[in-house]
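Worksheet: one structure, shown below.
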Amino acid sequence: MRGEIKHMERYKQLISYGGMNLMRKITPTDIDGFIDLNGKCFIYIEGKLIKKTMDYGQRLALENVVKSHEKANHMSCAVIFRHDTKADEIIDAKNQFVDEVYLRGKNDIFKWRKITDTKLLDFLNTYLDYAKEKNVKI
C-alpha cells in the first residue's frame, strides 16, 4: 500500500552524519516527510517527540527551503507534528497533532504559527484545498 513501510528490516537503520562538518560547522539534517505536488507545491514534514526542541539548524533549513520555493512562485510550507509514541512502535503520522507550521501569511510575512487540535492528515488536506483555491495546478 502506498505510504506504508516497504522494508521493515531497514526502517530502523540509522544514518550517521558524524564527522561531516562542512564550512561553519554545518552538518546534514534529515526531513521525515516530503510531498512534491507536480513541482508546484511542496510540503516538508518533521515529527518530534512532544518535549523535544527542534535544533536551530534544522529549523533554519526548513525556513530557507520554504522561502526558496516561494521565491520561485511555488507554494510551500513546513509542518511539525508532535508525538509520544514509544521507540519500538511505528508512529502513525496521519493521526498525530500538528504543533507548528511555517509558511507565508498576510503581507508576505513568513513565520512559524502554532496550530492546535489539528491532525496532520487534516492539515494537509486543508492546505491542499487552499492551494486549489489559489489555482495551483497540483
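The values are calculated or read from the model by the stated rules, or taken from the named source; none is laboratory data. Nothing here was measured: the structure is a model prediction, and the numbers come from that model. FYI the Cβ positions are ideal-geometry reconstructions off the backbone, even for glycines, and counts take in every protein chain you see.
Among the residues of segment 2-46, those identified as at positive phi and either assigned to a loop (DSSP other than H, G, I, E, B) or of a type in the set (Asp, Glu) (or both) are Gly3, Gly19, Asn38, Gly39. Can you name every residue in segment 124-138 that is without any contact (Cβ under 8 Å) to a residue 40 or more places away in the chain and not in a helix (DSSP H, G or I)? The one that is without any contact (Cβ under 8 Å) to a residue 40 or more places away in the chain and not in a helix (DSSP H, G or I): Asn135. Can you name the condition, by its number, that Phe81 falls short on among (1) among the hydrophobic types (A, V, I, L, M, F, W, C); (2) in a loop (DSSP other than H, G, I, E, B); (3) within 27 Å of Thr116 (Cα to Cα)? Of everything listed in (1) among the hydrophobic types (A, V, I, L, M, F, W, C); (2) in a loop (DSSP other than H, G, I, E, B); (3) within 27 Å of Thr116 (Cα to Cα), Phe81 misses just condition (2).
Picking from residues in segment 40-71 that are among the small types (Gly, Ala, Ser) and either at pLDDT 95 or above or surrounded by 15 or more Cβ atoms within 10 Å (Cβ to Cβ) (or both), the one that is farthest from Leu22 (Cα to Cα) is Gly47.
In segment 104-123, the residues that are closer than 15 Å to Lys67 by Cβ form Cβ pairs under 6 Å with partners that are charged (D, E, K, R) and modelled with pLDDT under 95, at six or more places apart or across chains, as follows: Arg104/Glu70; Phe110/Arg104.
Output yes when any residue across segment 78-97 is farther than 25 Å from Asn135 by Cα, among the polar types (S, T, N, Q) and in contact with a Leu (Cβ under 8 Å, 6 or more places away or on another chain), and no when none is. Looking for residues that are farther than 25 Å from Asn135 by Cα, among the polar types (S, T, N, Q) and in contact with a Leu (Cβ under 8 Å, 6 or more places away or on another chain), one finds at least one in segment 78-97, hence yes.
Any residue in segment 81-93 that is under 23 Å from Gly3 (Cα atoms), surrounded by 16 or more Cβ atoms within 10 Å (Cβ to Cβ) and among the acidic types (Asp, Glu)? No, segment 81-93 contains no residue that is under 23 Å from Gly3 (Cα atoms), surrounded by 16 or more Cβ atoms within 10 Å (Cβ to Cβ) and among the acidic types (Asp, Glu).
Pairing residues of segment 63-86 that are touching a residue at least 60 places away in the same chain (Cβ under 8 Å) and within 14 Å of Phe42 (Cα to Cα) with residues that are of a type in the set (A, V, I, L, M) and surrounded by 14 or more Cβ atoms within 10 Å (Cβ to Cβ), at Cβ distances under 6 Å and at least 6 apart in sequence or on separate chains, gives Met75/Ala131; Met75/Val136.
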